[in-house]
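Every number here is computed from the coordinates shown, using simple stated rules; none is lab data. The structure displayed is predicted, hence computed values, not measured ones. Virtual Cβ from ideal backbone geometry, glycine too; neighbours counted across all protein chains shown.
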Amino acid sequence: MTEIFDAIKRSAVRIREAIETDDTGYSQNKNKTGDIQLKLDIKSDLIIEEELSKVPSVKEIASEEREHSEVLNENGIYSIGYDPLDGSSLVDVDLSVGSIFGIYKGGYAGENLIAAAYVVYGPRVELVIATDIVELYRMDPEHNFHFIQPVSLNEKGNIKSPGATQKYWPEFHKKMVDEIFQEGYRLRYSGGMVPDLHQILLKGGGVFSYPGTTDKPKGKLRMVFEVFPFAYIFEKAGGLAMDPIKRLLDLKPSHLHDTTPCFFGSKYEVLKAKEVYGKYQCDID
Ligand code: AHG
Ligand code: MN
Ligand code: MN
């Protein structure tokens, strides 16, 4: 798998350069979810495809920015699901963005993930890789990545990142968020799940939520490209990732681009969300 992580590092170097120098405008195309793609979304997607094509163990790829999965090497064994540039609409206001990768063996289901990684393009470029352990790396000026520290969550944190349009939050979700803030949690929400989750992971805990809403009952975030990789990382770091009744990694998408409500965090907060949702016997499907 080292070859895959090396390809991710090479992609990160090239995407970072594109973010710094390329046009931040929109293209003429829409992706499968209906988002108008930025030129940077398309370019990042092609960079990752190019780098992963060089890795013989990669059988196929699936990306947020393309409708179908694509076979790269018939004899490969891994399927990579990725979001090439998450939060791309934040590039023109110079906020942090990221790339997310799930490494699957045997198809794009949560239970088939065997590793996950993400890159944060912030003031510095950082990479987090989760296998059985979770580790943080940082890029130096020569574009080499250095190990910094292991990553693990405390039982409880003090940050809350509540996603989605509040007007469309169900009542019980509002109640859950209020309860958490009443306990003294501080709001941290940039609109990019990569830096928002990175902050929770590195500050030891907290909770990020992107619920099902009255306008989008299945939420916004995609299982294969965004949710499963982060669910894997949070669990391996000692936290939880739920919808918030079921474990996210037990979900099986019917389609590549399926979305799900999701809660990532340390144990205390995710179990609290589960408790509040359970009380209201929430089923907004
Ligand atoms: P993408 O740019 O890949 O479409 O995804 C952006 C995602 C995620 O990073 C973020 O947490 C969420 O969209 C923000 O959505 P809201 O503005 O609806 O909260
Ligand atoms: Mn995304
Ligand atoms: Mn994206």
Open item on the list: Just to be sure I understand: of the beta bridges DSSP finds with both ends in segment 1-92, what percent are antiparallel, rounded to 5?
Closed with: 45
Task: Relative contact order (%) - segment 159-284, alpha-carbon pairs under 8 angstrom, separation at least six - done: 29
Task: Rel. contact order, % - alpha carbon contacts under 8 angstrom, at least six apart, segment 2-150 - done: 14
Task: For Y121, residues with placed amide H under 5 Å, excluding near neighbours - done: V97, G98, S99
Task: Distance between segment 1-74 and segment 99-121 - C-alpha centres, whole angstrom - done: 14
TODO: Compute the relative contact order of the chain as a whole-number percentage, counting only Cα pairs closer than 8 Å that sit 6 or more residues apart in sequence.
DONE: 15
Open item on the list: Please arrange H68, H257, H198 by how many other C-beta atoms lie within 10 Å of their C-beta, fewest to most.
Closed with: H68, H257, H198
Task: Extension gain (nm, one decimal) between K174 and I77, 0.36 nm per residue minus Cα-Cα - done: 30.6 nm
Open item on the list: Along the Cα→Cβ direction, 7 angstrom out, place labels at S53 and E20. What is the inter-label distance in nm?
Closed with: 2.6
TODO: Name the residues whose placed amide hydrogens come within less than 5 Å of the amide hydrogen of V207, ignoring near sequence neighbours (fewer than 5 apart) on the same chain.
DONE: I159, K160, S161
- [ ] Quick one: order M242, M139, M1, M223 by neighbouring beta-carbon count within 10 Å, fewest to most.
- [x] M1, M139, M242, M223
Task: In sequence order, calculated HN-Hα J values of segment 262-276 (Karplus, 6.51, -1.76, 1.60; Hz; x Gly/Pro) - done: 8, 9, 10, x, 7, 4, 4, 6, 5, 5, 5, 4, 4, 5, 5
Open item on the list: From the phi angles alone, apply the Karplus equation (6.51, -1.76, 1.60; θ = phi - 60°) to segment 171-178 and give each ³J(HN,Hα) in whole Hz, x where the residue is Gly or Pro.
Closed with: 3, 5, 5, 4, 4, 5, 5, 4
- [ ] Read phi for every residue in segment 141-149 and hand back ³J(HN,Hα) as whole Hz from Karplus 6.51 cos²θ - 1.76 cosθ + 1.60, θ = phi - 60°, with x for Gly and Pro.
- [x] x, 8, 6, 9, 9, 10, 5, 10, 6
Task: At R0 = 41 Å, FRET efficiency that the Cβ-Cβ distance of Y280 and E67 yields, to 0.05 - done: 0.70
- [ ] Quick one: of K174/K267; K203/K246; K30/K218; K30/K105; K216/K236; K105/K272, which pairs are farther than 27 Å apart, Cα to Cα?
- [x] K30/K105; K216/K236; K105/K272
Open item on the list: Tell me the net charge near E17. Cut-off is 12 Å between Cβ atoms, E17 excluded, with +1 for each Lys or Arg and -1 for each Asp or Glu.
Closed with: +2
Open item on the list: Give me, ordered by chain and number, the residues 5 or more places off V151 or on other chains with an amide H under 5 Å from its own placed amide H.
Closed with: V134, E135, L136
Task: Per-residue Cβ neighbour rank within 10 angstrom, fewest leading, E155, E269 - done: E155, E269
- [ ] Let me know the shape class of segment 2-150, please: from the alpha-carbon gyration tensor, a ≥ b ≥ c as square roots of the eigenvalues, rounded when a/c is under 1.5, otherwise prolate if a/b is greater than b/c, or oblate.
- [x] oblate
- [ ] Determine the sum of side-chain charges near L256: Lys and Arg each +1, Asp and Glu each -1, restricted to other residues whose C-beta is under 13 angstrom from that of L256.
- [x] -4
TODO: Place the peptides 81-87, 232-238 in order of packing, highest mean first, counting for every residue the other Cβ atoms within 10 Å and averaging per peptide.
DONE: 81-87, 232-238
